[in-house]
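Engineer: Right, I'll just put the structure down here and ask away after.
The values are calculated or read from the model by the stated rules, or taken from the named source; none is laboratory data. All figures in this text were calculated on a predicted structure; none of them were measured in a lab. Every residue, glycine as well, gets a Cβ built from its backbone with ideal geometry; the counts of neighbours run over all protein chains shown.
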């Protein structure tokens, strides 16, 4: 991915030196990376990862980080990559919303280490990247990319870009009302039905990441051979079936909250091939 030399976003907050808020998990952050702590729990304690994911869905509020945050240092290569990818995601979604006559409100992206206070509760690095609808921010501990490469077997810069685009996809859902509609169902439907809704939420975010890929490549031609395969591999590695088989030896489809490997790859491809947001309506799809 030929990312160097492109515009960097000014919407990146560097809170890596701000210190943690304490080892407490809470709120309803929406994320691709929460699977990491669930997977680790499965390895160490024999706990079903989906049980851990359920615990990550709620909890007590935590203090939100106060005061202005500095931008990341210009010489920080990892932060520069994240800032550059975010800038292009901003450009694509601004154009998509503009084509529909709507303004696009850009999310902030917060870099942190250890623990961080959010409007969704206390986030921690073991959760991986996540989006908090309450403050409309994406949170990333950059060490997650090492986990993605070394533990989950998904190396490559475009695998990382896919992760960022997926989380911003949750922000798009927040802006268009999907997040609110799904949250209204919480407590009104069974756990199985809520899991099924969660799968549709996550697959739509994957599709939105594909939409970004489509328009980003058309505009910049910055993808290189193997980049798409990196994103597809990442989508495959974090499918619920792949994670469950890795942690417990078998998959339980009724407990899926993010979708199978095949589903995640297919919905990413769907958005990437058409570049059409309307093709990402997972909620009306008869088959996922």
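Condition check ((1) within 21 Å of residue 140 (Cβ to Cβ); (2) touching a strand residue (DSSP E or B) at 6+ places or on another chain (Cβ under 8 Å); (3) surrounded by fewer than 18 Cβ atoms within 10 Å (Cβ to Cβ)) across all residues:
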site	(1), (2), (3)
171	yes, yes, no
177	no, no, yes
181	no, no, yes
186	no, no, yes
192	no, no, yes
200	no, no, no
217	no, no, yes
223	no, no, no
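Engineer: A follow-up question, please. All but one of (1) over 16 Å from residue 199 (Cα atoms); (2) touching a helix residue (DSSP H, G or I) at 6+ places or on another chain (Cβ under 8 Å); (3) modelled with pLDDT under 90 hold for residue 240; state the number of the condition that does not hold.
Structural biologist: (1)
Engineer: Residue check, residue 283 against (1) over 20 Å from the mean Cα position of the chain (by Cα); (2) over 21 Å from residue 164 (Cα atoms); (3) touching a residue at least 60 places away in the same chain (Cβ under 8 Å); (4) surrounded by fewer than 17 Cβ atoms within 10 Å (Cβ to Cβ), all met but one. Which one?
Structural biologist: Tallying (1) over 20 Å from the mean Cα position of the chain (by Cα); (2) over 21 Å from residue 164 (Cα atoms); (3) touching a residue at least 60 places away in the same chain (Cβ under 8 Å); (4) surrounded by fewer than 17 Cβ atoms within 10 Å (Cβ to Cβ), residue 283 fails exactly one: (1).
Engineer: Could you say whether any residue in the stretch 265-288 is modelled with pLDDT under 90, farther than 18 Å from residue 197 by Cα, assigned to a loop (DSSP other than H, G, I, E, B) and touching a helix residue (DSSP H, G or I) at 6+ places or on another chain (Cβ under 9 Å)?
Structural biologist: No, the conditions are met nowhere in the stretch 265-288.
The rows are residues; the columns are (1) within 28 Å of residue 95 (Cα to Cα); (2) over 15 Å from the mean Cα position of the chain (by Cα).
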residue	(1), (2)
216	yes, yes
228	yes, yes
237	no, no
244	no, yes
252	no, yes
260	no, yes
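Engineer: Filter the stretch 72-90 for residues that are more than 18 Å from the chain's Cα centre (by Cα) and either in a helix (DSSP H, G or I) or surrounded by 19 or more Cβ atoms within 10 Å (Cβ to Cβ) (or both) and give the result.
Structural biologist: 72, 77, 80
Engineer: What is the residue count in the stretch 135-154 for residues that are assigned to a loop (DSSP other than H, G, I, E, B) and farther than 18 Å from residue 112 by Cα?
Structural biologist: The total comes to 4.
Engineer: Further question on the same structure: Pick from the stretch 92-117 the residues that are modelled with pLDDT of 95 or more and assigned to a strand (DSSP E or B): which of them is surrounded by the fewest Cβ atoms within 10 Å (Cβ to Cβ)?
Structural biologist: Here the residue is 108.
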